[in-house]
1. Mind running the shape call on the stretch 62-108? Use the C-alpha gyration tensor, a ≥ b ≥ c as the square roots of the eigenvalues: rounded below 1.5 for a/c, prolate if a/b tops b/c, oblate otherwise.
2. May I ask for the net charge around V50, where only other residues with Cβ less than 11 Å from the Cβ of V50 are counted and Lys, Arg are +1 while Asp, Glu are -1?
3. Hey, any idea what % of the chain's accessible area is carbon plus sulfur with a 1.4 Å probe?
4. Report the FRET efficiency, 1/(1 + (r/R0)^6), for V194 and H29, where r is their Cβ-Cβ distance and R0 is 41 Å, rounded to 0.05.
5. Of all the stretches in the chain, which is the longest one without any exposed loop site, taking GluC sites (Glu not before Pro) in a DSSP loop (any state but H, G, I, E, B) with at most 14 other Cβ atoms within 10 Å?
6. Please work out the average accessible area per residue across the chain, using the 1.4 Å probe convention, and give it in Å².
7. Using a 1.4 angstrom probe on the protein heavy atoms only, line up W73, W54 by accessible area, largest first.
8. Note the direction-averaged projected area, equal to a quarter of the hull surface, for the Cα convex hull of the stretch 1-105, in nm².
Amino acid sequence: MESNKRPGGRSARVRDAVRQATLGELAEHGFRGLTVENVAERSGVHKTTVYRRWGSVAGLISDALELAKDEPWPIPDTGSIEGDLRGIVQLVRSGFDDPELGPVSAAFVAAAVQDADAARALHEFFVARHEQSAEVVRRAITRGELPDVIDVREVIRVAVAPVYYRLFVAHEPVTERDADRAADAALAAARAGVL
């Protein structure tokens with residue numbers, strides 16, 4: 001195996017530098033302002049290398065999402081499904097409010113609307129994130145708080161969906177109360193056996 005293909009070797013350093021540059025550019029300029037040239041300059045990686053390996057802005061977005069999907073997420077453990085589900089929805093809401101993370105997250109969504117590869121990468125990211133988050137629903141089933149016939153991932157999807165709707169469809173702010181209401185509605189549907 002070539003030395004530049006080893007995990008932790010030059011290839012991994014290049015990928016990390018390009019990812020960090022991509023995230024930095026997204027935070028500062030959003031999806032519309034993201035260019036391969038700016039990522040190359042910011043990362044210190046030659047432009048031809050970036051084009052050869054990532055191909056386009058969509059490739060940069062897709063790779064950043066692929067790396068992000070395997071990162072652990074701070075899943076709440078409050079001792080109750082109400083607290084845990086509210087905590088997850090608040091994490092999503094506060095992530096979009098964060099001055100650094102918010103523009104990056106919004107750029108991922110914008111990229112997915114405009115590019116099929118970015119859409120697939122975002123889908124895979126959400127699959128992984130919902131699987132991680134579904135642990136709170138599994139714990140609730142074990143504690144007897146929810147019926148064991150529900151789709152654990154669907155509870156998470158239904159809980160966070162109103163946040164995305166308000167932000168990206170209706171273009172409305174999402175308050176803490178809005179986030180709690182979304183979690184409570186998903187929990188009511190889960191308890192009723194709808195999910």
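1. Working: a/c = 3.39, a/b = 1.66, b/c = 2.04.
Oblate shape, in that a/c is at least 1.5 and b/c is the bigger or equal ratio.
2. On the way: positive: R15, R42, K47, R52, R53; negative: E37, E41, D63.
Neighbour charge sum, excluding V50 itself: +2.
3. Details: 5400 of 10350 Å².
So the carbon and sulfur contribution to the accessible surface is 52 percent.
4. Details: r = 42 Å, r/R0 = 1.02.
Approximately 0.45, to the nearest 0.05.
5. Details: sites that count: E2, E100.
With GluC sites (Glu not before Pro) excluded where exposed in loops, the chain gives 3-99 as its longest stretch.
6. Working: 10350 Å² over 195 residues.
I get 53 Å² per residue for the chain.
7. Details: W73 50, W54 25 Å².
Reading off the accessible areas and sorting them downward yields W73, W54.
8. Numbers: hull surface 32.8 nm².
Its Cα hull, projected and averaged over all orientations, spans 8.2 nm².
The values are calculated or read from the model by the stated rules, or taken from the named source; none is laboratory data. A quick note: this is a predicted structure, and the numbers were derived from the prediction, not measured. As a convention, Cβ positions derive from the backbone with ideal geometry for all residues, glycine included, and neighbour counts pool all protein chains shown. Surface accessibility is based on the protein's heavy atoms, side chains included, excluding ligands, DNA and RNA. Shrake-Rupley method; radii C 1.70, N 1.55, O 1.52, S 1.80 Å.
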